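The values are calculated or read from the model by the stated rules, or taken from the named source; none is laboratory data. On a predicted model such as this, the values are computed, not experimentally measured, just so you know. All Cβ positions, even for glycine, are placed from backbone atoms using ideal geometry, and neighbour counts span all protein chains on display.
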Amino acid sequence: MRKIALFAAAAGTALTLAACSEKTEDAAATTAEAAAADAEANLDAAGEAVTDAAADVDAAAENAAATAEQETAEVEADVQNETTSEAKAD
């Protein structure tokens, strides 16, 4: 009788551990899926940020080039005693 009770207790413990392990595996799988989804979302956001930054750099470069061209024309106009339009045409 005592052996049966010990066997039943051992079997119950084994089933409890098996159920616990299954819950742990499910939780780990859920955590891994959530981490993958977060990583994908972060990569998408980073890609958008890089695209936006590239557009900002392009606009700033175009603005700087236009400003440099205007200032060059103004300096040339002052040096050659002509209008800025005439200096730009040269």
Self-check item: Scope segment 20-68; condition of a type in the set (S, T, Y), within 28 Å of the chain's Cα centre (by Cα) and modelled with pLDDT under 95; matching residues
Solution: T30, T31
Quiz item: Do we find a residue being surrounded by 10 or more Cβ atoms within 10 Å (Cβ to Cβ), in a helix (DSSP H, G or I), touching a helix residue (DSSP H, G or I) at 6+ places or on another chain (Cβ under 7 Å) and among the acidic types (D, E) anywhere in segment 60-78?
Solution: yes
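Restricting to segment 79-90, count the residues that are in a helix (DSSP H, G or I) and closer than 20 Å to A65 by Cα. If you could, list the steps in order and put the result at the bottom.
At the first step, the residues of segment 79-90 found to be in a helix (DSSP H, G or I) are 79, 84-89.
Now narrow it down to the ones that are closer than 20 Å to A65 by Cα: 84-89.
Of the residues in that region, 6 qualify.
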